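Got a structure here, written out as structure tokens. Questions coming.
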Amino acid sequence: MPRYRTLDDIDVKGKRVLVRADLNVPMKDGRVTDATRIERQAPTIKELASKGARVIVLSHFDRPKGKVVPSMSLRPVAEPLSKQIGRPVAFAEDCVGEKALAAVARLKDGDVALLENTRFHAGEEKNDPAFAREMAKLGDIFVNDAFSAAHRAHATTEGLARLLPCAAGRSMQAELEHLEKALGKPERPVMAVVGGAKISTKIALLENLMGRVNSLVIGGAMANTFLAAKGMQIGKSLSEQEQLETARHILKTAEKVGARIVLPVDVVVAKEFKANAAHRTVAADRVATDEMILDVGPASVEAFAHELQNTRTIVWNGPLGAFETPPFQAGTVAAAKLVAARTREGKLTSVAGGGDTVAALAMAKVENDFTYVSTAGGAFLEWLEGKTLPGVAALEQIR
């Protein structure tokens, strides 16, 4: 991995440090309903403040499309952020211009200020150089701690890193180090678990993984398309009939590069998709025409466990079934618990990410047992696809 600075490499005492955080948190009626992202960002802000930096926090919130939308203000985030870092957080009503300059001028060493939503300005998402330069006037150093926004070439993710001395924050550093362990220089054998509804949204991911992993477990509705591509009857199951050739191509390519594709050998089926619907478990090639596949069965979980025995590194993105609707969470939960157990035993490095994946691991109550669980969403997916993330690439341009 190319070299980038971390907080260990910069002297911040008395310096104005612009910190790009991701405070795009769930909110209802002007109150934060889930502070997970704030918790992830707090260590960097706390560390900088404790070292005597004057910390200026930048973030987007929602999609105001370059206009001031009062309901998308970051003001309600100031108090929860203050609670997490254990010190007051001032709020500035803009992220550039006189109000921002005045808020920064009032800071003393160790103080923290949160600036208003960067997306209230069109220059943010356009990565407008003039907008980035105005923002750069507020700081002496730029720290990017928002891996979840690193797949966007915006002014506060890419532009600022090219104008100021820059470094990765602790959350960004943790993401990069764990992702490197997972696929950059992993301990082998490596397994990837890829689930979800559609092959079409994960073609690039599957193609990138095939050359990097020893085995590839495919679950969710994606697996239905692969089963159909192999000539199996999948009844009314959700699938992409227009992607059958793509699935066959992936199967052939995997065989050529020596990556094992692991598909369900048994499945849980029902005639209707609803909570606690009547269901049964059948072999994957014994689905009736009026049934739909909604989960993997116990034999598939057993096959997963067997594959896991020789695995040293696992990357997980996507559930194995319709986990949100009981009882079709059983396969995903059982597999997650197997991974968690081997991780706790020190036999496995496990890295997971993606919104549904995080929710599924939480349902299984094992999110704290994996080596690392990324909350980065789109950035995590693009990294799995092998794409260059602009916000990361900018940090690697050490001046």
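Any idea which of 191, 210 is in contact with a strand residue (DSSP E or B) (Cβ under 7 Å, 6 or more places away or on another chain) and in contact (Cβ under 8 Å) with a residue 60 or more places away in the chain?
Criteria check complete, one pass: 191.
Tell me, which residue of the stretch 139-155 that is under 19 Å from the mean Cα position of the chain (by Cα) and of a type outside the set (Gly, Ala, Ser) is most open to solvent (accessible area, probe 1.4 Å)?
152
Restricting attention to the stretch 357-384, report how many residues are over 21 Å from residue 207 (Cβ atoms), part of a helix (DSSP H, G or I) and open to solvent by 20 Å² or more (accessible area, probe 1.4 Å).
Number of matching residues: 4.
Here's a follow-up. I'm trying to understand the selection: among the residues of the stretch 385-399, which are in a loop (DSSP other than H, G, I, E, B) and open to solvent by 20 Å² or more (accessible area, probe 1.4 Å)?
385, 386, 387, 388, 396, 397, 398, 399, listed by residue number.
Just to be sure before I move on: is residue 182 crowded, with 24+ Cβ neighbours inside 10 Å, within 30 Å of residue 263 (Cβ to Cβ) and aliphatic (A, V, I, L, M) in the structure I sent?
It is true that residue 182 is crowded, with 24+ Cβ neighbours inside 10 Å, within 30 Å of residue 263 (Cβ to Cβ) and aliphatic (A, V, I, L, M).
Regarding residue 325, is this residue surrounded by fewer than 21 Cβ atoms within 10 Å (Cβ to Cβ) and of a type in the set (Ser, Thr, Tyr)?
When the stated conditions are applied, residue 325 passes them.
Out of the residues in the stretch 123-136 that are open to solvent by 50 Å² or more (accessible area, probe 1.4 Å) and under 22 Å from residue 75 (Cα atoms), state the one that is farthest from the chain's Cα centre (by Cα).
In this case the residue turns out to be 134.
Kindly indicate which of 164, 205 is assigned to a helix (DSSP H, G or I) and either touching a strand residue (DSSP E or B) at 6+ places or on another chain (Cβ under 8 Å) or open to solvent by less than 10 Å² (accessible area, probe 1.4 Å) (or both).
One residue alone meets the criteria, 205.
I've got another one for you. What about residue 306, is it open to solvent by 20 Å² or more (accessible area, probe 1.4 Å), without any contact (Cβ under 8 Å) to a residue 12 or more places away in the chain and over 17 Å from residue 227 (Cβ atoms)?
It is true that residue 306 is open to solvent by 20 Å² or more (accessible area, probe 1.4 Å), without any contact (Cβ under 8 Å) to a residue 12 or more places away in the chain and over 17 Å from residue 227 (Cβ atoms).
State whether the residues of the stretch 103-122 include one that is buried (at least 21 other Cβ atoms within 10 Å of the Cβ) and more than 23 Å from residue 81 (Cβ to Cβ).
No, the stretch 103-122 contains no residue that is buried (at least 21 other Cβ atoms within 10 Å of the Cβ) and more than 23 Å from residue 81 (Cβ to Cβ).
I would also like to ask the following. Anything in the stretch 337-356 that is among the β-branched types (Val, Ile, Thr), open to solvent by 10 Å² or more (accessible area, probe 1.4 Å) and touching a helix residue (DSSP H, G or I) at 6+ places or on another chain (Cβ under 7 Å)? List them, or say none.
Within the stretch 337-356, just 349 meets the criteria.
Yes or no: the stretch 200-214 includes at least one residue that is small (Gly, Ala, Ser) and in contact with a Pro (Cβ under 8 Å, 6 or more places away or on another chain).
The answer is no, given that none of the residues of the stretch 200-214 is small (Gly, Ala, Ser) and in contact with a Pro (Cβ under 8 Å, 6 or more places away or on another chain).
What residue, among those in the stretch 50-89 that are outside any loop (DSSP other than H, G, I, E, B) and open to solvent by 50 Å² or more (accessible area, probe 1.4 Å), is nearest to residue 141 (Cα to Cα)?
My answer is 54.
Is it the case that some residue within the stretch 229-241 is free of Cβ contacts under 8 Å to residues at least 12 places away in the same chain, over 21 Å from residue 283 (Cα atoms) and open to solvent by 10 Å² or more (accessible area, probe 1.4 Å)?
No, because not a single residue in the stretch 229-241 is free of Cβ contacts under 8 Å to residues at least 12 places away in the same chain, over 21 Å from residue 283 (Cα atoms) and open to solvent by 10 Å² or more (accessible area, probe 1.4 Å).
Another question, if that's okay. In the stretch 360-399, what residues are without any contact (Cβ under 8 Å) to a residue 40 or more places away in the chain and not hydrophobic (A, V, I, L, M, F, W, C)?
Of everything in the stretch 360-399, those that are without any contact (Cβ under 8 Å) to a residue 40 or more places away in the chain and not hydrophobic (A, V, I, L, M, F, W, C) turn out to be 365, 367, 368, 369, 388.
I'd like to know if the stretch 326-349 contains one or more residues that are of a type outside the set (D, E, K, R), touching a Phe, Trp or Tyr at 6+ places or on another chain (Cβ under 7 Å) and in contact (Cβ under 8 Å) with a residue 60 or more places away in the chain.
Yes, the stretch 326-349 contains at least one residue that is of a type outside the set (D, E, K, R), touching a Phe, Trp or Tyr at 6+ places or on another chain (Cβ under 7 Å) and in contact (Cβ under 8 Å) with a residue 60 or more places away in the chain.
Here is a list: 135, 172. Which entry is of a type in the set (A, V, I, L, M) and farther than 20 Å from residue 96 by Cα?
After ruling out the rest, the residue left standing is 172.
Okay, next question. Can you list the strands (runs of 3 or more DSSP E) found entirely within the stretch 244-289 that contain at least 1 residues being more than 16 Å from residue 218 (Cα to Cα) and in contact (Cβ under 8 Å) with a residue 24 or more places away in the chain?
266-270, 279-283
The values are calculated or read from the model by the stated rules, or taken from the named source; none is laboratory data. Note that this is a predicted model, so its numbers are computed, not measured. For neighbour counting, all protein chains shown are included, and Cβ atoms are generated from backbone atoms with ideal geometry for every residue, glycine included. These accessible areas exclude ligands, DNA and RNA; they are computed on the full protein's heavy atoms, side chains included. Shrake-Rupley method; radii C 1.70, N 1.55, O 1.52, S 1.80 Å.
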